[in-house]
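Engineer: Here's a structure for you.
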Amino acid sequence: MRRRAVLSLDNELLRSERELRAEGFCWIAGVDEAGRGPLAGPVTAAAVILPWKEGVLPGVFDSKQLSAAAREELFEELHSLEGVDIGIGVADAGEIDQLNILKAAHLAMFRAVGQLRRVDCVLVDGLPVKGFPVPSRNLVKGDALSASIAAASIVAKVVRDRMMMEAAQQYPEYGFDAHKGYGTAEHLEALRKYGASPLHRRSFRPVMEVLPETPVQQELEF
């Protein structure tokens, strides 16, 4: 695997991490999620604590700006870093339907942070998230501004894509390997033809619209 350019510790992508370390935090986890928008499959989250050592950090970027091959390469490179700590959390379609997608995404984040060996601060992408066991800071568009969040974005996306590739083996009629559960024209057509699978989010309107109507029980006549 070709080694990418590394980040120096004074790189702008590590500005938030530097500021938190100046406040006394040592184990700062970047946290991000993947999969809020699809009609099927889980929402995944990752928490990544990068090793604070000059000359070892890969040039990570927002996962949405990378090709699938580039994400896979960085995923493997991140896991190979000495001293890195990575946690992964998942909330499945049933939990999404029960909680709503926002709460399920937060649940996946909490689970990811809970997998870390040690953490004393969380740097989370987007709006504030309450409930972490340690202090947290939010960073809007953090996946493009923080190396730790960018790394978490890559890990969460790759984990989810791999899960949907496995789902495609189990439910080949839906084409999950191509669209990863998003509402493409091909996916919507498959939904209309085959109905919803156990992986579909039944609380999402495009899925609800293809579900058979609940029969109304007739009153008994005596």
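Engineer: How many nm separate the modelled label positions at ASP120 and GLU166, each set 7 Å beyond the Cα in the direction of the Cβ?
Structural biologist: Going by the 7 Å Cα→Cβ label model, 3.5 nm.
Engineer: Tell me the label only: which of (i) 68, 28, 16; (ii) 31, 19, 17; (iii) 38, 20, 12 is semi-axes √(5λ) of the Cα gyration tensor in Å as calculated from this structure?
Structural biologist: Step by step, semi-axes √(5λ) of the Cα gyration tensor in Å for this structure corresponds to label (iii).
Engineer: FRET efficiency for GLU189 and VAL140, Cβ-Cβ distance as r, R0 = 25 Å, nearest 0.05? The partial results should precede the final answer.
Structural biologist: Values: r = 36 Å, r/R0 = 1.45.
Calculated transfer efficiency: 0.10.
Engineer: Considering only DSSP beta bridges with both partners in the chain, what is the antiparallel share in %, to the nearest 5?
Structural biologist: Values: 15 of 23 bridges.
So the antiparallel bridges amount to about 65 percent of the total.
Engineer: For LYS103, list the lysines whose Cα falls under 18 Å from its own Cα; do not include residues on the same chain fewer than 8 positions away.
Structural biologist: LYS130
Engineer: Of VAL84, LEU123, LEU9, which is farthest towards the positive pole of the range 6-162's charge dipole, taken about the Cα centre with +1 and -1 on the beta-carbons of Lys, Arg and Asp, Glu respectively?
Structural biologist: LEU123
Engineer: Given H placed 1.01 Å from N in the peptide plane, which residues other than close sequence neighbours of LEU57 have an amide H under 5 Å from its amide H?
Structural biologist: LEU7
Engineer: Tell me the Rg and the Dmax, in Å, that the Cα atoms of the range 42-85 produce.
Structural biologist: 11.3, 36
Engineer: Mind giving me the nanometre distance, one decimal, between the label points for ARG15 and TRP27, set 7 Å out from Cα along Cα→Cβ?
Structural biologist: Between ARG15 and TRP27, the simple spin-label model gives 2.8 nm.
Engineer: Here is a follow-up. Can you give the longest stretch of the chain with no exposed loop site, where a site means GluC sites (Glu not before Pro) in a DSSP loop (not H, G, I, E or B) with at most 15 other C-beta atoms within 10 Å? Can you show the working numbers first?
Structural biologist: Numbers: sites that count: GLU23, GLU54, GLU82, GLU209, GLU213, GLU219, GLU221.
Formally, the longest exposed-site-free interval is 83-208.
Engineer: Once every DSSP H run of n ≥ 4 in the chain is given -39500 (n - 2.57) and the sum is divided by its residues, what mean residue ellipticity at 222 nm do you get, rounded to the nearest 500 deg cm²/dmol? Provide the component values of the computation, followed by the final result.
Structural biologist: Numbers: 8 runs with 84 residues, N = 222.
When only DSSP H runs of four or more count, the value is -11500 deg cm²/dmol.
We did not get these values from a lab; they are worked out from the coordinates using the rules stated. Keep in mind that this is a model prediction, so the values were computed, not measured. Every residue, glycine as well, gets a Cβ built from its backbone with ideal geometry; the counts of neighbours run over all protein chains shown.
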